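Report on the structure given below.
No lab work stands behind these numbers, since they all come straight from the coordinates. For clarity, every value in this text was computed on a predicted model and none was experimentally measured. Cβ coordinates were reconstructed from backbone atoms using ideal geometry, including for glycine residues, and neighbour counts include every protein chain displayed.
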Amino acid sequence: MALEIRIDRDTCMGSGNCSFWAPHTFDLDEDGVAVVIDPAGDPEDKIILAAQGCPTQAIRVLRDGEPVA
Ligand code: SF4
């Protein structure tokens, strides 16, 4: 089952770290805020790294409702 990815758009500071680590999963929208473009766009370890690397901890990753990052 695919990961569930949540981005707190109020907390995101638009650093772009997530789209660097997992470029097929995250992107920045026209407001410079991160969005999920495909929750299965990159390997899970890359998505988790991206979430852990967010400087404002704006990304939550869940599997079966349980947080994994
Ligand atoms: S790494 Fe975090 S702060 Fe940076 S763009 Fe992604 S969600 Fe926003």
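Say whether the condition of being of a type in the set (Phe, Trp, Tyr) and loosely packed, with under 15 Cβ neighbours inside 10 Å is met by at least one residue in segment 22-41. Write out each step before concluding.
From segment 22-41, those of a type in the set (Phe, Trp, Tyr) are 26; that's our starting set.
After this cut, where a residue has to be loosely packed, with under 15 Cβ neighbours inside 10 Å as well, the list is none.
There is no residue in segment 22-41 that is of a type in the set (Phe, Trp, Tyr) and loosely packed, with under 15 Cβ neighbours inside 10 Å.
So in segment 20-69, with the set limited to residues that are within 10 Å of the chain's Cα centre (by Cα) and aromatic (Phe, Trp, Tyr), which one is nearest to the ligand (Cβ to nearest atom)? That would be Phe26. Pairing each residue of segment 24-47 that is charged (D, E, K, R) with any residue that is more than 10 Å from the ligand (Cβ to nearest atom), provided the two are 6+ apart or on different chains, yields C-beta distances under 7 Å for Asp27/Ile37; Asp38/His24; Asp38/Thr25; Asp42/His24; Asp42/Thr25; Glu44/Leu3.
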